[in-house]
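K.L.:
This is the structure I have questions about; it appears just below.
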Amino acid sequence: GLIARLGVRQAIVLQAILFAALHLNPWQFVPAFFIGLFLGWLFVKTGSLGICILFHAAWNGLSFFVGAYAEGLGVVIRGYTTYPFGPPVFQSPEFLALGIALCAAGWFWLRSACESQARGVG
């Protein structure tokens, strides 16, 4: 319905904002927004809500796995894999920079994909 009213690009951005807001966690808003952008693009490309739900479930499973088992595997990311009920710990700047770089790459990739589709190439 959003695509019919707003067009592809604006519909993807609006649903990503709603997706992020519905997580009800301000710390999760930015990553959930970018996942929402990807899921919106995935829906437009495939036309399948089921694939989007499957990807979302896989993403949540991966996040759970990393949080639950990373330390046991010897992977420690300060502020991410440490004990969640302890005092707040900020993530390392390298981890933050990696997240920002991945978000930027995803944004430019999504923008390029939308422009290609608008031109009828993609």
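K.L.:
Find the percent of Cα-Cα distances in the range 12-66 that exceed 15 Å, and round it to a whole number. Mind dumping the intermediate values first?
P.N.:
Values: 715 of 1485 pairs.
Percent of Cα pairs beyond 15 Å in the range 12-66: 48.
K.L.:
Could I have the simple spin-label model distance between Val89 and Ser48, label points 7 Å from Cα toward Cβ, reported in nm to one decimal?
P.N.:
Reported label-point gap for Val89 and Ser48 is 4.0 nm.
K.L.:
Pop a pseudo-label 7 angstrom from the Cα along the beta-carbon direction at both Trp107 and Phe55 and give the gap in nm to one decimal.
P.N.:
With each label point 7 Å from Cα toward Cβ, the separation is 1.9 nm.
Bear in mind these aren't lab numbers, they're just calculated from the coordinates by the rules spelled out. Here the structure is a predicted model, which is why all the values come from computation and not from measurement. All Cβ positions, even for glycine, are placed from backbone atoms using ideal geometry, and neighbour counts span all protein chains on display.
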